[in-house]
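**Q** Okay, handing you the structure first.
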Amino acid sequence: MAAARYDVEKGGRRREEEEEAAAAAVAQYPQREGEREWVPWIVPAIVVANVVVFAVAMYVNNCPSSPRGGRRGGGGACVAGFLRRFSFQPFSENPLLGPSSATLQKLGALVWNKVVHEHQGWRLVTCIWLHAGVVHLLANMLSLVLIGLRLEQQFGYMRVGIIYLVSGVGGSVLSSLFIRNSISVGASGALFGLLGAMLSELFTNWTIYTNKAAALVTLLIVIAINLAIGILPHVDNFAHIGGFLTGFLLGFIFLMRPHYGWMQRYVLPSSVKYTTKKYLAYQWILLAVASVLAVIGFAVGLSMLFKGVNANERCQWCHYLSCIPTSRWSCGN
């Protein structure tokens with residue numbers, strides 16, 4: 001009995017010692033238990049930049065100086081005239097409380113003819129920073145804060161900034177391939193890129209999530225709702241889809257994290273075996289496949305765009321991805 005009690009006490013002390021050692025390891029290496037938490041600044045900087053660009057657009061627009069905006073009364077008067085030079089175009093021209101289409105084109109809106117025939121490829125980037133109105137700007141910036149801050153806290157400014165910008169360009173490329181007769185502005189493609197990156201991050205870091213099914217279903221519902229809104233008229237869903245696909249591939253490349261066993265190696269008991277590899281094989285495979293697809297996608301897309309290829313001729317039904325006509329509305333070309 002005494003020997004048995006000694007063994008039990010010895011085993012209990014051993015477990016206590018292991019727990020104390022694990023706690024000491026966590027205290028000594030606080031970053032190794034999980035991932036580093038970054039202080040976000042790139043997402044707030046992007047928000048500020050978009051607001052500043054919108055203010056510049058309104059200054060350049062100068063609604064009171066335009067023939068239509070300078071008229072008193074009726075549907076042609078500037079909205080919020082007390083703002084003077086910063087007042088908005090009439091509701092009949094821009095119901096989103098913003099500048100005119102001519103001003104947006106002057107400042108870098110995405111226009112197919114100018115990109116292809118006038119060799120203004122820089123519009124693929126500048127259009128991301130322009131917004132059609134206050135309503136458009138507030139909706140996008142609120143979404144950016146809700147999505148982007150979490151990602152930047154987990155992965156840092158460099159990776160999130162790259163995904164945001166490259167996804168925006170990816171959305172612009174796909175939009176230009178299908179939409180020729182209207183301009184396009186806004187950060188929606190970049191925002192959908194962050195959503196796509198969140199989805200691929202969930203897949204590539206599958207082992208570190210506890211409520212996997214709940215996280216996946218919730219994210220898929222959010223993505224489906226946002227893409228469904230894109231089938232309404234006057235919404236550039238091709239930019240959404242292009243940005244989402246780009247961000248989805250980039251998430252596999254930039255958001256890969258060590259698997260659960262590696263991150264918990266300092267707190268696991270010594271009796272528990274774990275692999276010494278920081279990343280699992282499937283993570284490297286996903287990264288390689290995503291890298292190849294991203295390069296091929298951009299190469300093919302840009303080649304088709306600058307050759308003036310009309311993607312609608314290659315895909316007869318794809319226009320339904322951006323707008324589905326109903327008895328309540330029609331879809332323009």
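The values are calculated or read from the model by the stated rules, or taken from the named source; none is laboratory data. All values derive from a computational prediction rather than experimental measurement. Note that each Cβ is placed from the backbone with ideal geometry, even for glycine, and that neighbours are counted across all protein chains shown. Keep in mind that these areas ignore ligands, DNA and RNA; they rest on the heavy atoms of the full protein, side chains included. Shrake-Rupley method; radii C 1.70, N 1.55, O 1.52, S 1.80 Å.
**Q** For the stretch 112-190, what ratio Rg/Rh do Cα atoms give with a Kirkwood hydrodynamic radius?
**A** Details: Rg = 13.7 Å, Rh = 13.4 Å.
Computed over Cα atoms, the ratio is 1.02.
**Q** On to the next question. At residue 59 and residue 92, where each label point lies 7 Å from the Cα along Cα→Cβ, what is the point-to-point distance in nanometres?
**A** Taking the two extended label points, one gets 3.0 nm.
**Q** Here's something else I'd like to know. Taking all protein chains as present, what is the carbon and sulfur share of the accessible area of the stretch 131-265, in % to the nearest whole number, probe 1.4 Å?
**A** Numbers: 3690 of 5010 Å².
Its accessible area is 74 percent carbon and sulfur atoms.
**Q** With a probe of 1.4 Å, find how much accessible area the stretch 183-251 has per residue, and write the answer as a whole number in Å².
**A** That works out to 38 Å² for each residue.
**Q** State log₁₀ I(q)/I(0) for the stretch 38-322 at q = 0.12, 0.13, 0.14, 0.17 Å⁻¹ as given by the Debye formula over alpha-carbon point scatterers of equal weight, solvent excluded.
**A** Per q value, in the given order, log10 I(q)/I(0) is -0.80, -0.91, -1.03, -1.36.
**Q** To the nearest 0.05, how large is the calculated FRET efficiency for residue 45 and residue 216 if R₀ is 41 Å and r is the Cβ-Cβ distance? Kindly include the intermediate steps, with their values, before the conclusion.
**A** Working: r = 31 Å, r/R0 = 0.75.
Calculated transfer efficiency: 0.85.
**Q** While we're on this one: Probe of 1.4 angstrom, ligands and nucleic acids ignored: what's the accessible area per residue over the stretch 93-179, in square angstrom? Spell out each step's value before the answer.
**A** On the way: 3320 Å² over 87 residues.
Here the per-residue accessible area is 38 Å².
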